[in-house]
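**Student:** Handing you a structure now.
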Amino acid sequence: MQLMRRRDFIALSAAAAAAPLGLPVAAAEDSPARLIVILLRGAVDGLNTVIPYADASYYALRPSIAIARPGTEDGGLPLDGNFALHPALAALMPLWQEKQLAFIHAAGSQDPTRSHFDAQLFIENGTPGRRVTPDGWMNRLLAALPGPHGPADALAIGPTLPHILKGRLAAANLPLGAAATQKLAVDNPEIASAFDRLYAADDPAGRMYRQGRAARQELTATLASEQQMADNGAPSPNGFPAQATRLAHLVTHDRRIRLAFAALGGWDTHVRQGGHKGQLADRLRPLGDGLAALARGLGREWNDTVVVVISEFGRTARENGNGGTDHGHGNAIWVMGGKVRGGRVYGEWPGLAPDRLHEGRDLAVTTDYRSALAVILARHMRLATRPLEQIFPGLPPARANLREIIAT
């Protein structure tokens, strides 16, 4: 194994600390296709999110936590004759009605693991069952897009770079809450001056450092100005709606951001999950509000953006004795954007009858998450078959109706 030289390590660390996250630049005539992926860590309950109310087994399996049928008290929000949306996601119904929101039900990884750690890793590395894949599929996607590539092309929301964006190309990460504009060591004038002298040479390490310093200064200034205007003197808001609003602000001011990733936790509802109210509803509401805020904030950029919401696996079809659900298998993938052919639930519904359940307990997976993502990348990012197979090795074929999910 080749060890990184101390000088190179310091240069990369300084560049990372300086957060090379994109300068506001003049808008190009045509906006680039953009992908935003949101991973719900902890396994969200897809059956109470996109509710199969026409399947009688759903209510038999969930006597205390099922969401009532549309048109009844506290009922789900009708999507079509078979599915409804959790009422806490009411903020997303305008997108559904405008046909800019779709779902792919009974989707997920074919790997049978019920380990959060492994399943999340497989979602991020794009190789189910293979833990040793060193890079993430979004980094491989970045390499497949037309270059040149810079660290402002891909952004992870958060204090560390997730596996999905790790790889041979540089990607940036930044918390978009109150910590986004906090001072770092590199912001100290004395430390910054020392680094400036150390990396004054016109070499790759020096250029990376200077790009990072300049980008961080521009970005934090942009965020601070936006935050001050929006907060009107109040403390900075916490949670996803605020993060989504700031992400939209960054994207609309920096057209170089092609890929973005965020992860949200708190979906492991083993106990007291609740129905139309309760633990799950309390998490879905800010998620829906944040996605709606993202769509509004992107403005015209929404037409060139696809947002994918995914979780590592679903939850058991039957509720447990604690009013919750346990680790399951199939789930629903959310797809939204200006060119999404929404207003539809895609995929093949296997049903919840006892003989149709995976291992006798879970919603079966009839759509591999990689094939769903590959269709989005092919039609939205205009990728050919060969790079798709490099992004997702062993890529399974997609169902025919999935090919209609993105307008070209």
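**Student:** Find the residue count for the stretch 28-48, including only residues that are in a loop (DSSP other than H, G, I, E, B) and in contact with a helix residue (DSSP H, G or I) (Cβ under 9 Å, 6 or more places away or on another chain).
**Tutor:** Residues flagged as in a loop (DSSP other than H, G, I, E, B) and in contact with a helix residue (DSSP H, G or I) (Cβ under 9 Å, 6 or more places away or on another chain) within the stretch 28-48 amount to 11.
**Student:** Something else: Please indicate, with yes or no, whether at least one residue in the stretch 342-363 is surrounded by fewer than 21 Cβ atoms within 10 Å (Cβ to Cβ), over 18 Å from the mean Cα position of the chain (by Cα), free of Cβ contacts under 8 Å to residues at least 60 places away in the same chain and in a loop (DSSP other than H, G, I, E, B).
**Tutor:** Within the stretch 342-363, one or more residues are surrounded by fewer than 21 Cβ atoms within 10 Å (Cβ to Cβ), over 18 Å from the mean Cα position of the chain (by Cα), free of Cβ contacts under 8 Å to residues at least 60 places away in the same chain and in a loop (DSSP other than H, G, I, E, B).
**Student:** Please verify whether GLY108 is assigned by TED's automatic domain parsing to the domain that holds VAL345 and in contact with a His (Cβ under 6 Å, 6 or more places away or on another chain), treating the condition exactly as stated.
**Tutor:** Here the answer is no, as GLY108 does not meet what is asked.
**Student:** Same structure again: So which residues in the stretch 289-313 are closer than 15 Å to ARG341 by Cα and either assigned to a helix (DSSP H, G or I) or in contact with a His (Cβ under 8 Å, 6 or more places away or on another chain) (or both)?
**Tutor:** Those that are closer than 15 Å to ARG341 by Cα and either assigned to a helix (DSSP H, G or I) or in contact with a His (Cβ under 8 Å, 6 or more places away or on another chain) (or both): TRP302, ASN303, ASP304, VAL306.
**Student:** Quick one: which residue in LEU357, LEU383, LEU395, LEU388 is in the same structural domain as VAL44 (by TED's automatic domain parsing), out of contact with any helix residue (DSSP H, G or I) (no Cβ under 6 Å at 6 or more places or on another chain) and not acidic (Asp, Glu)?
**Tutor:** LEU357
**Student:** Further question on the same structure: Would you mention how many residues in the stretch 49-68 are surrounded by 15 or more Cβ atoms within 10 Å (Cβ to Cβ) and not in a helix (DSSP H, G or I)?
**Tutor:** Residues that pass the stated criteria total 11.
**Student:** Does GLY206 meet the test of being over 25 Å from the mean Cα position of the chain (by Cα) and either among the β-branched types (Val, Ile, Thr) or modelled with pLDDT of 65 or more (or both)?
**Tutor:** Working: over 25 Å from the mean Cα position of the chain (by Cα): yes; either among the β-branched types (Val, Ile, Thr) or modelled with pLDDT of 65 or more (or both): yes.
In short, yes.
Yes or no, residue by residue, for (1) within 30 Å of PRO151 (Cβ to Cβ); (2) among the charged types (D, E, K, R); (3) not assigned by TED's automatic domain parsing to the domain that holds LEU47:
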position: ALA262; (1), (2), (3): yes, no, no
position: GLY266; (1), (2), (3): yes, no, no
position: GLY275; (1), (2), (3): no, no, no
position: ASP282; (1), (2), (3): no, yes, no
position: PRO286; (1), (2), (3): yes, no, no
position: LEU291; (1), (2), (3): yes, no, no
position: LEU294; (1), (2), (3): yes, no, no
position: ASN303; (1), (2), (3): yes, no, no
position: VAL306; (1), (2), (3): yes, no, no
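**Student:** Would you call GLY299 free of Cβ contacts under 8 Å to residues at least 60 places away in the same chain, assigned by TED's automatic domain parsing to the domain that holds ALA244 and farther than 20 Å from ILE104 by Cα?
**Tutor:** yes
**Student:** Something else: When residues of the stretch 118-160 are filtered for being among the aromatic types (Phe, Trp, Tyr) and more than 18 Å from ARG382 (Cβ to Cβ), how many remain?
**Tutor:** So the answer is 1.
The values are calculated or read from the model by the stated rules, or taken from the named source; none is laboratory data. Keep in mind the model is a prediction, meaning the values are calculated, not measured. When we count neighbours, we look across all protein chains shown, and the Cβ atoms used for this are built from the backbone with ideal geometry, even at glycine.
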